[in-house]
1. Please tell me if residue B:62 is without any contact (Cβ under 8 Å) to a residue 12 or more places away in the chain and touching a strand residue (DSSP E or B) at 6+ places or on another chain (Cβ under 6 Å).
2. Just to be sure, is residue B:71 surrounded by fewer than 16 Cβ atoms within 10 Å (Cβ to Cβ), within 7 Å of chain A (Cβ to nearest Cβ), under 16 Å from residue B:144 (Cα atoms) and touching a strand residue (DSSP E or B) at 6+ places or on another chain (Cβ under 9 Å)?
3. Take residue A:59 and tell me if it is touching a strand residue (DSSP E or B) at 6+ places or on another chain (Cβ under 9 Å) and more than 12 Å from every other protein chain (Cβ to nearest Cβ).
4. For residue B:211, only one of the following conditions fails: (1) modelled with pLDDT under 95; (2) part of a helix (DSSP H, G or I); (3) within 30 Å of residue A:68 (Cβ to Cβ). What is its number?
5. (1) more than 19 Å from the chain's Cα centre (by Cα); (2) more than 7 Å from chain A (Cβ to nearest Cβ): which one isn't true of residue B:61, the others all being true?
6. Among the residues of the stretch B:145-169, which ones are surrounded by fewer than 17 Cβ atoms within 10 Å (Cβ to Cβ) and in a helix (DSSP H, G or I)?
7. Just one of A:160, A:165 is farther than 18 Å from residue B:26 by Cα, in contact (Cβ under 8 Å) with a residue 40 or more places away in the chain and facing another protein chain (nearest Cβ under 10 Å); which is it?
8. Given the criterion out of contact with any strand residue (DSSP E or B) (no Cβ under 6 Å at 6 or more places or on another chain) and at pLDDT below 95, identify the matching residue among B:177, B:185, B:206.
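The values are calculated or read from the model by the stated rules, or taken from the named source; none is laboratory data. Since we're looking at a predicted model, the values are computed, not measured. Here the Cβ positions follow ideal geometry from the backbone for every residue, glycine too, while neighbour counts run over all protein chains shown.
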């Protein structure tokens, strides 16, 4: 007996409609990932040959598979993206803060061939930023850089739960 | 029985969450750079696991904040304080960079999203402004964040890029949070880049493979 009062087609339709209403760019991106389809192996049998000929054929995703693609894309945007920043923050933290390159060069110990070491800044949080106004860009940006801001783990866990719930509601295997 | 209203509520909960669409729309323009920062961090992790503390530096000032290039650029700059990391292992000095252009053996320049380079060459190119030569490259990775379909062309382009970087490159690979079965097969032959697919904090075992490769190769090349 079905546990859903809707089918995969209805679910995909609702998800894509809501995405289109809220963020057309993301909806287009996900739609194009769905429209790529998938490769399958087709077999062609011939009366005179023992083995069938196998060839690749690109086919459209089923509605359920398309839902999986869409939810994986949402996971990338809403869970993985924050995790990339959090992971970088953790890996940058136990590094030392050195001085500028030009100064470090003068302190370079060529004889011992080791870098002048500093413990300054080890374990402190490092501010990571991405350049928005690039060196060669003519058009002006409002901001020069954008901070990669870590987010609380608790929020990431909440989003993981939201995704799990959505996946459950978009799974029809046992219907 | 699950209703369409349940589904609609679940979609809304995801989109309206503090890490939902609102935040994503703010950071979307740097999503690829966030992925590069993550892979850069994994390189730092590998170095640290070898018992070495990497030192962060900036081109013109101390790296506070540590700035990642917004577009491929040169290792030297007069106007921007881009960050990099320096470390010393068994008497040999290296730097980790992001978004730096190299001069290939053909003379064509190539950008590497994240790379490890010999410090002496990097210093030379900052001191006497120039693009680092292919021979200075130790390791290089193409990093692609995808919330969709990974493009096959990326793999072909990266194979060509690495081919132009000479014989000193010890480690290279294509890193992505996504996966592509044909690209995985394309990278199977020896000397092709390593396929680091599904390299994401959601899959720590893939992170370990990446980090262990760096550790292994650095240990091997600096062994006395």
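1. Numbers: without any contact (Cβ under 8 Å) to a residue 12 or more places away in the chain: yes; touching a strand residue (DSSP E or B) at 6+ places or on another chain (Cβ under 6 Å): yes.
So residue B:62 fits the description; yes.
2. Values: surrounded by fewer than 16 Cβ atoms within 10 Å (Cβ to Cβ): yes; within 7 Å of chain A (Cβ to nearest Cβ): yes; under 16 Å from residue B:144 (Cα atoms): yes; touching a strand residue (DSSP E or B) at 6+ places or on another chain (Cβ under 9 Å): yes.
Against the criterion (surrounded by fewer than 16 Cβ atoms within 10 Å (Cβ to Cβ), within 7 Å of chain A (Cβ to nearest Cβ), under 16 Å from residue B:144 (Cα atoms) and touching a strand residue (DSSP E or B) at 6+ places or on another chain (Cβ under 9 Å)), residue B:71 qualifies.
3. Numbers: touching a strand residue (DSSP E or B) at 6+ places or on another chain (Cβ under 9 Å): yes; more than 12 Å from every other protein chain (Cβ to nearest Cβ): yes.
Yes; evaluated as a whole, the condition is true for this residue.
4. It is condition (1) that residue B:211 fails.
5. Evaluating residue B:61 over (1) more than 19 Å from the chain's Cα centre (by Cα); (2) more than 7 Å from chain A (Cβ to nearest Cβ) leaves (2) as the failure.
6. Result: B:152, B:153, B:154, B:156, B:157, B:160, B:163.
7. Details: A:165 fails: in contact (Cβ under 8 Å) with a residue 40 or more places away in the chain.
Answer to the selection: A:160.
8. Details: B:177 fails: at pLDDT below 95; B:206 fails: at pLDDT below 95.
After ruling out the rest, the residue left standing is B:185.
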